[in-house]
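No value in this document is a laboratory result; all are computed from the given coordinates. What you see is a predicted model; the values in this text were computed from it and never measured. Don't worry about glycine lacking a Cβ; one is built from the backbone with ideal geometry, like all the others, and counts go over all protein chains shown.
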Amino acid sequence: AAAAAAPRAAELADLAAAAVPGTARAPGSGAPGPADVATAVHNCHYRPYLEKQAAEVAEMARDEALHLPPDLDYAAMPLSSEDVEKLSTVRPTCLAAARRIPGVTPAAIVLLLQHVRRRQKARAAVEALGTEAGRELADRRAQRAATV
């Protein structure tokens, strides 16, 4: 049984290496060991999550200078109590400043970014109509969307 498992392990490692960049074995390194197979399986399993996280990091890098409105209601957003307390106390003026607040989680920063982006889109759509009542409606909709 052990002899049959070795070719299967090598085949799995080669398939994983082909599917996931950075998992290829060195030429002439022989059959993969259990650690090689475990690493390849781990990389295959977590690749979608790592790609999503990389996209979020790229989005954050683009939007560090994003201005945060002074009237932003952090309590209306789906944030932890600790994040709401710290953001409400400091009231950062931009996303980069919010990132530097000790204890504010990266997930909270992503939610903050998404909320402000939705709010900007809603305001832009309403400002195209040019009504104050429409702007208030857009703000309420953006806040409601953040709580969903």
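I need the peptides 67-76, 90-99, 45-54 ranked by packing, meaning the mean over residues of other C-beta atoms within 10 angstrom, with the highest value on top.
Highest mean packing first, the order is 90-99, 67-76, 45-54.
Could you give the length gained on full extension between residue 128 and residue 94, defined as 0.36 nm per residue of separation minus the Cα-Cα distance, in nm?
This chain segment gains 9.7 nm when fully extended.
Would you please give the residues with an amide H less than 5 Å from that of residue 94, counting only those at least 5 places away or on a separate chain, with H modeled from the backbone geometry?
Residues meeting the amide H criterion: 68.
When the chain is fully extended, how far beyond the present Cα-Cα distance does residue 145 get from residue 85, taking 0.36 nm per residue of separation?
Working: separation 60, 0.36 × 60 = 21.60 nm, distance 2.07 nm.
That pair, residue 145 and residue 85, stretches by 19.5 nm at full extension.
To the nearest 20 debye, what is the magnitude of the charge dipole of segment 66-146 about its Cα centre, counting +1 on the Cβ of each Lys and Arg and -1 on the Cβ of each Asp and Glu?
280
Note down the net charge around residue 114, summing +1 for each Lys or Arg and -1 for each Asp or Glu among other residues with Cβ under 13 Å from its Cβ. Please report the intermediate quantities before stating the final value.
Details: positive: 117, 118, 119, 121; negative: 56, 59, 63.
Result for the neighbourhood of residue 114: +1.
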